[in-house]
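Report on the structure given below.
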Amino acid sequence: MRGGICYLLLLVIDAILFIGHGCTCTNSTEDFGTPKPPHLIFIMVDDQGYGDIGYHGSDIHTPVLDQLAAEGVKLENYYVQPICSPSRSQLMTGRYQIHTGLQHSIIRPRQPICLPPDIPTLPEQLLEAGYATHMVGKWHLGFCRPNCLPTGRGFKSFLGTLTGSGDHFSYQSCDGAEACGFDLHDGDRPAWEMSGKYSTFLYIERVKQILRNHDPDKPLFLYLSLQAAHTPLQVPTHFLHHYDSQSNRNRRHYAAMLSCLDDGIGQLVEELKIGGFYQNSVLIYSSDNGGQPLSGGSNWPLRGGKGTYWEGGIRAVGFVHSPLLKRKGVVSKALIHVSDWFPTLLGLSGALQSRHGLDGHDVWGSISEGLPSPRTEILFNIDPVSRKPEEPYEKALVLNGFGIWDTAVRAAIRVGDWKLLTGNVGDGDWIPPQASSGGPERWKKLEKRRNELGKSVWLFNVSADPYERFDLAKARPEVVKHLLIRLAEYNQTAVMAKNPPDDPMADPELHGGAWSPWLGLEGQEKDNEEDDGRRERVVKMKHCKLCKLRALFKKVGSRLERNTLF
């Protein structure tokens, strides 16, 4: 009897231990079965042309980028916007410009405008999802109010510039001839003490510092927005020696800037590996727009360049590198747009709840697994501000636009294989690399396009004709009509374009010599009459000839200082 009781007790104990062990296994399986959110590293470079990377046959040495792309997925049907602010705004919001009011041009330093505060940004969403969010580099999305700064839009730390361009060593930035100031900020304060350090070096060092201070078990979103290779063309001298045989001064400096950038990204990837981030990271590389041939860039063999809606202005260098990719070492022809990164990165983080209000698509399946792209069309832009009053409305709407669309409005759209452009979409020359700017011979050997007078509509099959050599607008009027209808339908959803005049109160001379927010500051609006009087004095000062001359000399002096650094 006693033996039977002991036997039963042993069975009960074994059962308890088995159940407990089973529970432990279940918890452990859940822990290991739920993947950690990946670290997201987004690298945006400034003004890199489609033809300015090694794997596109460039004369520029980019071994690190070439290797990262070769081991990842090269994006060869990838589009951005033709200039800085629009590309950056669509990355940050996942929305087309017509839905943010930023349809026209860039955000100028003195414009009282920024990303709409009611539209959530990528870092804000990732911050809510438990990510640490850091930005290093160029912002160029407005800074008129403190809540427009990167640290007001979801980034926990920021080191970089607020304006569109500036000296890579002194960080002096000018807007026109009459407004110049210092533009390097650490958080919300001017970082005067960092002046003199080359921008690419400075930014890479800050990235390495962030990685060294971050716990790799906590998800990280790092946005590195390099200022290179935007003008002014400056680079430490030893990088120039790679291109001693290059006789074109602009091309030589531009190429050296990209080689320096390539070296810096190699350091970043090495730091990811040392710090334990690499195996659970997704690294995305993208140019913000096409290259500027007059500043050393090359988009050959594509047509046009920066500032245009030809392929050379909007088809970008881009790739994804990650151990998490299911396919590696491949080329993706999936149609992808810069607005797609917003939902794609949120999808990877587990934070994407809905695509409501977004124009971007989650394209991770297309990139990682080769699935068909959910995107079938891209609205590049509709810019109503571009329409000149003297353009004959009757001809632009009725004759060229079939009564559907005013073709004097600058617009561009791609649907499937077809791309339509209307209005003044920018210079559409084909510029071979050897014909980049260089003194009096700058236009030698250029292939010049010749458009008939009054032409305002172009149609291309960009899958069959990526170089846009065969305009099919006359041959395929039914396709033109279909795409004009799509433009008109998109335009029905557009918000009013915001293009306010420059505010004289933004002048850095009124803010200690640095570009910084000038609206919505504490105590600023206590005395409206005093503020109005101050504004009036500033306006008068800006119109006085002596002041303009002084500002001009200051700008020229800044340029002379740059030239000594070439």
Quiz item: Within the bounds of the range 56-64, is there any residue that is crowded, with 19+ Cβ neighbours inside 10 Å and either under 22 Å from Tyr309 (Cβ atoms) or free of Cβ contacts under 8 Å to residues at least 40 places away in the same chain (or both)?
Solution: yes
Self-check item: In the range 449-484, the residues that are in a loop (DSSP other than H, G, I, E, B) and under 15 Å from Trp430 (Cβ atoms)
Solution: Arg449, Arg450, Asn451, Val462, Asp465, Pro466, Tyr467, Glu468, Arg469, Phe470, Asp471
Quiz item: Looking at the range 457-468, is at least one residue small (Gly, Ala, Ser), at pLDDT 95 or above and within 17 Å of Leu399 (Cβ to Cβ)?
Solution: no
Self-check item: Search result, residues across the range 367-409 that are of a type outside the set (A, V, I, L, M, F, W, C), under 20 Å from Ala497 (Cβ atoms) and part of a helix (DSSP H, G or I)
Solution: Pro384, Ser386, Tyr393
Exercise. Quickly run through the range 244-270 and pick out the residues that are within 29 Å of Val320 (Cβ to Cβ) and free of Cβ contacts under 8 Å to residues at least 40 places away in the same chain.
Key: Ala256, Glu270
Exercise. Can you tell me which residue among Arg375, Arg387 is in contact with a strand residue (DSSP E or B) (Cβ under 8 Å, 6 or more places away or on another chain), of a type in the set (Lys, Arg), open to solvent by 20 Å² or more (accessible area, probe 1.4 Å) and farther than 21 Å from Leu126 by Cα?
Key: Arg387
Quiz prompt | Residues satisfying the stated conditions in the range 202-214, i.e. free of Cβ contacts under 8 Å to residues at least 60 places away in the same chain and either crowded, with 19+ Cβ neighbours inside 10 Å or outside any helix (DSSP H, G or I) (or both) | solution = Leu202, Asn213
Self-check item: Close pairs from the range 406-418: first under 12 Å from Thr376 (Cβ atoms) and at pLDDT below 95, partner of a type outside the set (Lys, Arg) and assigned to a strand (DSSP E or B), Cβ under 6 Å, at least 6 apart
Solution: none
Quiz prompt | Among (1) crowded, with 23+ Cβ neighbours inside 10 Å; (2) over 23 Å from Leu348 (Cβ atoms), the one test that Leu220 misses | solution = (2)
Quiz item: Mind checking whether some residue in the range 307-317 is more than 19 Å from the chain's Cα centre (by Cα) and over 23 Å from Thr62 (Cα atoms)?
Solution: no
Self-check item: Subset of the range 68-88 [touching a helix residue (DSSP H, G or I) at 6+ places or on another chain (Cβ under 9 Å) and open to solvent by 20 Å² or more (accessible area, probe 1.4 Å)]
Solution: Ala70, Lys74, Ile83
Quiz item: Pick from the range 268-315 the residues that are among the polar types (S, T, N, Q) and outside any helix (DSSP H, G or I): which of them is farthest from Thr422 (Cα to Cα)?
Solution: Ser281
Quiz item: When the range 52-69 is examined, which residues are found to be closer than 16 Å to Ala256 by Cα and assigned to a loop (DSSP other than H, G, I, E, B)?
Solution: Asp52, Ile53, Ser58, Asp59, Ile60, His61, Thr62
Quiz prompt | Residue list for the range 339-366, restricted to those being out of contact with any helix residue (DSSP H, G or I) (no Cβ under 7 Å at 6 or more places or on another chain), more than 20 Å from Ser87 (Cα to Cα) and part of a helix (DSSP H, G or I) | solution = Gly365, Ser366
Exercise. Within the range 224-261, track down each residue that is among the charged types (D, E, K, R), in contact with a Gly (Cβ under 9 Å, 6 or more places away or on another chain) and either closer than 15 Å to Ile53 by Cβ or surrounded by fewer than 17 Cβ atoms within 10 Å (Cβ to Cβ) (or both).
Key: Arg249, Arg251
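This table checks each residue for (1) in contact with a strand residue (DSSP E or B) (Cβ under 7 Å, 6 or more places away or on another chain); (2) open to solvent by 10 Å² or more (accessible area, probe 1.4 Å); (3) of a type in the set (Ser, Thr, Tyr).
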| position | (1), (2), (3) |
| --- | --- |
| Glu271 | no, yes, no |
| Ile274 | no, yes, no |
| Phe277 | yes, no, no |
| Asn280 | yes, yes, no |
| Gly291 | no, no, no |
| Ser295 | no, yes, yes |
| Leu302 | yes, no, no |
| Lys306 | no, yes, no |
| Trp310 | no, no, no |
Quiz prompt | Filtered residues of the range 322-353 (kept if closer than 23 Å to Ala70 by Cβ and open to solvent by 10 Å² or more (accessible area, probe 1.4 Å)) | solution = Pro323, Leu324, Lys326, Arg327, Lys328, Gly329, Val330, Val331, Lys333, Ala334, Leu335, Leu348
Exercise. Assess whether Phe319 counts as being part of a strand (DSSP E or B) and either open to solvent by less than 10 Å² (accessible area, probe 1.4 Å) or over 24 Å from Val409 (Cβ atoms) (or both).
Key: yes
Quiz prompt | Residues of the range 327-380 classified as without any contact (Cβ under 8 Å) to a residue 60 or more places away in the chain and under 16 Å from Ser286 (Cα atoms), total | solution = 3
Quiz item: Among the residues of the range 105-113, is there at least one that is closer than 30 Å to Ser281 by Cβ and out of contact with any Asp or Glu (no Cβ under 6 Å at 6 or more places or on another chain)?
Solution: no
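Residue-by-condition table, conditions (1) part of a helix (DSSP H, G or I); (2) over 26 Å from Ile284 (Cα atoms); (3) within 20 Å of the chain's Cα centre (by Cα):
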{"position": "Ser170", "(1), (2), (3)": "no, yes, no"}
{"position": "Ser173", "(1), (2), (3)": "no, yes, yes"}
{"position": "Thr200", "(1), (2), (3)": "yes, no, yes"}
{"position": "Pro216", "(1), (2), (3)": "no, no, no"}
{"position": "Phe239", "(1), (2), (3)": "yes, no, no"}
Quiz prompt | Subset of the range 325-338 [part of a loop (DSSP other than H, G, I, E, B) and closer than 24 Å to Pro82 by Cα] | solution = Lys333, Ala334, Leu335
Quiz item: So which of Gln111, Gln103, Gln125 is surrounded by 24 or more Cβ atoms within 10 Å (Cβ to Cβ) and either closer than 24 Å to Ala506 by Cβ or in contact (Cβ under 8 Å) with a residue 12 or more places away in the chain (or both)?
Solution: Gln103
Exercise. Go through the range 450-472 and give me each residue that's among the acidic types (Asp, Glu) and open to solvent by 40 Å² or more (accessible area, probe 1.4 Å).
Key: Glu452, Asp471
Practice problem: Kindly check whether there is at least one residue in the range 183-190 that is open to solvent by less than 10 Å² (accessible area, probe 1.4 Å) and within 28 Å of Leu75 (Cα to Cα). | Solution: no
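The values are calculated or read from the model by the stated rules, or taken from the named source; none is laboratory data. Fair warning: this is a prediction, and the values are worked out from it, not measured in the lab. So basically every Cβ, Gly included, is an ideal-geometry build from the backbone, and we count neighbours across all protein chains shown. The accessibility values were calculated without ligands, DNA or RNA, using every heavy atom of the protein model including side chains. Shrake-Rupley method; radii C 1.70, N 1.55, O 1.52, S 1.80 Å.
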